[in-house]
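Since the structure comes first, as structure tokens, the remarks are kept for the end.
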């Protein structure tokens, strides 16, 4: 069964460009944002939301609801963020995003693919809303609460195992960041998915080499990642994370092992001015009006 | 006082109970026989998942399975359910209020396995976790009937469980009832509130104390959260000389603290004495030895009661009912832990 028949690479290019533009626009408006994550993950998220993952379409973009209250015994909806992924079905894919600080980028991807209202970023980090800065399971596009990193892959493993018990054919995807491979839980989860041969579990990683403190190879190195993950019994692809064709090709690979797609990315891709900020790229806040004006010019260039 | 001893109360009972509940799964972290689910695994191999010594991941798998409509029952020692994987327990399971059952063996100081295996502060931590229901069984009847109680709760449940050779103190016809204290005796001098294995320990001394003229209201508590059963505050309000709590747990955050909170909120002005582990870790030794060393035994109860009523009860050690000692090498346990 092919899961990629409807994918249009030109459309994914448009989505990727839209993600960078929207996140930059938002960062300029708010004097702050997770910009390098948009630059590194734009093509990757473009592929995920542009058809590589079989999510049911929505008839119209959804307006983000007000915060519904925390889940609890009163029956509050536990996964309203997943509403933006369309209704679930045994054959549809599921997409669990792990790095919750990519929320702004994920919201932009949802807007570009007609799943989230185009004015939703006006609600970003607004009190009483769901378009939170660090997404939780009530936030658009989030199925779990994973701001404490590396917890999604285990939960997705449980979801994939449950779906196999129910004879469902859909795949369970996890979007991860490379920093999460510093957490021990990730390796526990890799081991378990391999042990239980969760062939429908697919993890795609934005390997942008950066984390809060700076370049990962100065904070705590994780390479050689592909060899390490393969040694845990996974089917591993290492690809250029800005090559839509390469991501789609890896994403279409069927294997009896769980599949890992390591997307090696450039955190300043599409926004060369960000190069000046190396090595600390985790969060962009402008140093003053002069810098902001130059980013404004970059946005105008991007929008042309 | 002597009771029937039930060997492995959970083992066959859980198998029979789960027969018509296909959604019930067991996740285990390399302590399968030690938690009396080895036979369960052999009976329902398609519903049993060995997760290895990887508890953080196990909590995540439980969350994923629960999100998809299954009801995972995690079986391991208490310490490995909340100490190592506390963040996973909170963010993956408790926040989304998933129907995950944490069956926590070796509560308190019940094991010679030492400090690494002794869950002395679990109730304090579990009570502080939103959405969590906290239960503790005190005998074989409760170990068996807690299954229905936990199953019915729409959210995560932590159960301090007993295994091996377990006394049957309460009749099988009187099963575990959520948030309902068992009233074991009534009286006006003292109110005694006990939980878990401390109830059996207290019952060694209570009849003697009553013979010496003390009238005692004795409640057995098996639900630590929620903790708003009106029987508790009405028993407290009746106490002339004071209230004594007894728990197999540190005195911070457990039963004694819950009672103190209740007394303060209801402005009940009588002394409260909390018997429990006093701001210390324990070490590897028998349950009987540790209970005496840490002041958790019947002798401590008598002394505490004497201090509250202001007179000696004249109870000698040999008058206290013979302590029931569980053999460390009992055939009802998988190993000496």
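Coordinate-derived values only; no laboratory data. Predicted model, so just to flag it, every value in this text is computed and none were measured. Cβ coordinates were reconstructed from backbone atoms using ideal geometry, including for glycine residues, and neighbour counts include every protein chain displayed.
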Distance between the range B:273-291 and the range B:120-194 - C-alpha centres, whole angstrom = 20
Shape of the range B:50-154, Cα gyration tensor, a/c cut at 1.5 | oblate
Taking Cα atoms, how many degrees apart are the long axis of helix B:140-151 and the longest axis of chain B, rounded to 10 and kept between 0 and 90?
-> 50
Whole-Å distance, taken between Cα centres, linking the range A:25-91 and the range B:54-110 = 27
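For residue A:243 and residue B:281, FRET efficiency with R0 = 56 Å and r from the beta-carbon atoms, rounded to 0.05? Walk me through the numbers before you get to the answer.
Numbers: r = 56 Å, r/R0 = 0.99.
E between residue B:281 and residue A:243, to the nearest 0.05, is 0.50.
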Peptide B:65-77: average number of partner chain Cβ atoms within 10 Å per residue?
-> 4
Cα long-axis angle, helix B:255-265 against chain B (0 to 90 degrees, to the nearest 10) | 70
When a footprinting reagent is the concern and you count Cβ atoms within 10 Å, what order do A:287, A:113, A:70, A:169 take, fewest first?
-> A:287, A:169, A:70, A:113
Residue mean of other protein chain beta carbons inside 10 Å, A:195-208 | 1
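Taking neighbour counts of Cβ atoms within 10 Å as a proxy for exposure, in what order, fewest first, do A:223, B:265 appear? Let's see the in-between values first.
Working: A:223 13, B:265 10.
Neighbour counts put them in this order, fewest first: B:265, A:223.
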At R0 = 35 Å the Cβ-Cβ FRET efficiency linking residue B:174 and residue A:195, nearest 0.05, sits at 0.20
With the label point 7 Å along the Cα-to-beta-carbon line of residue B:188 and a cut-off under 16 Å to each amide N, the hits in the range B:197-236 are B:213-218, B:235-236
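Fewest Cβ neighbours within 10 Å first, please rank B:329, B:249, A:282 accordingly.
Working: B:329 8, B:249 30, A:282 17.
Sorted ascending by nearby Cβ count, the order is B:329, A:282, B:249.
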In terms of the Cα gyration tensor, with a ≥ b ≥ c the square roots of its eigenvalues, is the range A:138-291 rounded because a/c is under 1.5, prolate because a/b exceeds b/c, or oblate?
-> prolate
What's the FRET efficiency of residue A:91 with residue A:29 using the Cβ-Cβ distance as r and R₀ = 30 Å, to the nearest 0.05?
-> 0.15
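Pull out a ≥ b ≥ c, the square roots of the eigenvalues of the alpha-carbon gyration tensor of the range B:161-274, then state rounded if a/c is under 1.5, prolate if not and a/b is larger than b/c, and oblate in the remaining case. The partial results should precede the final answer.
Values: a/c = 1.59, a/b = 1.19, b/c = 1.34.
Since a/c reaches 1.5 but b/c is at least a/b, the shape of the range B:161-274 is classed as oblate.
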With each label point set 7 Å from Cα along the Cα-Cβ vector, what nm distance links residue B:293 and residue A:254?
-> 6.2
Once the Cα atoms of helix B:197-211 and of chain B are each reduced to a long axis, what angle between those two axes, in degrees from 0 to 90 to the nearest 10, is obtained?
-> 20
Could you check which residue among A:91, A:40, A:139 shows the biggest mean-square fluctuation in a GNM of chain A with a 10 Å Cα cutoff?
-> A:91
How far is it, in nm, from the label point at residue A:276 to the one at residue A:291 when both lie 7 Å from their Cα along the line to the Cβ?
-> 0.8
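Please list B:21-28, B:46-53 highest first by mean number of surrounding beta-carbon atoms within 10 Å per residue.
B:21-28, B:46-53
Mind checking the full-extension length gain between residue B:228 and residue B:211? Use 0.36 nm per residue of separation minus the Cα-Cα distance, one decimal, nm. Let's see the in-between values first.
Working: separation 17, 0.36 × 17 = 6.12 nm, distance 3.16 nm.
Result: 3.0 nm gained on full extension.
Run the helix sum for the protein assembly as shown: -39,500 (n - 2.57) per DSSP H stretch of 4+ residues, divided by residue count, reported at 222 nm to the nearest 500 deg cm²/dmol.
Values: 20 runs with 208 residues, N = 641.
So the calculated ellipticity at 222 nm is -9500 deg cm²/dmol.
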Peptide B:127-139, shielding by other chains (average Cβ, 10 Å cutoff) = 1
